[in-house]
């Protein structure tokens, strides 16, 4: 590679933040609220960005996946942990890809000891409070940087994903459904803030990731 080519490659090297996996919201020391996200999609995005030559920070919820080569990994547990880590990493980043399946709710308080049966009742009540909306919080300060969100919807989720795209200020939202959970292949619709829509059917998550890391920011 010529000196000019090396300078050009260095200039194109982006700083990319990827969030992946579920969060856990603890009820007591042994029980928590979570979901079925495996984290595979986010790990493939991190891998694809690193292979492209980007500097990648992967913020991972509790998953048992190996860190892709060349990727800096930050492990978190709950939604508030992930928000803090994402804010910090995105301060100096060019791109955010928010694949994480963040819990919408958490218990108002975590019990110090194991929650035991008390009084012989047949039902119990768990008070929940809303977790921070990480995508909306971070995208608010994105400027001309690229932000990609994910939306897992059941049924016809295009309308809901479109509203999410508009409400949260992202450039793109990637729509998938529950069949993507734990699977190697997925079907997604990539919805753009400019009204564009691109469908990828039955692609491996690695193939989808390679499409996503080539997306460009959209102007308002």
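The values are calculated or read from the model by the stated rules, or taken from the named source; none is laboratory data. Model, not experiment: these values are computed from the prediction. Here the Cβ positions follow ideal geometry from the backbone for every residue, glycine too, while neighbour counts run over all protein chains shown.
Looking only at region 18-58, which residues are under 30 Å from residue 126 (Cα atoms) and under 10 Å from the mean Cα position of the chain (by Cα)?
Listed by number, the residues that qualify are 19, 20, 21, 22, 39.
So which of 206, 199 is in a strand (DSSP E or B) and at pLDDT 90 or above?
Just one listed residue meets the conditions, 199.
Determine the pairs where a residue that is within 14 Å of residue 45 (Cα to Cα), located within region 197-220, has a partner that is in a loop (DSSP other than H, G, I, E, B) with Cβ atoms under 7 Å apart, the partner being 6 or more residues away or on another chain.
204/184; 205/184
Given the criteria under 16 Å from the mean Cα position of the chain (by Cα), more than 24 Å from residue 216 (Cα to Cα) and buried (at least 17 other Cβ atoms within 10 Å of the Cβ), does residue 61 qualify?
In short, yes.
Got a sec? Which helices (runs of 4 or more DSSP H) wholly within region 3-111 have at least 3 residues that are farther than 28 Å from residue 129 by Cα and either at pLDDT 95 or above or out of contact with any strand residue (DSSP E or B) (no Cβ under 6 Å at 6 or more places or on another chain) (or both)?
Filter on region 3-111 gives 3-11, 40-52.
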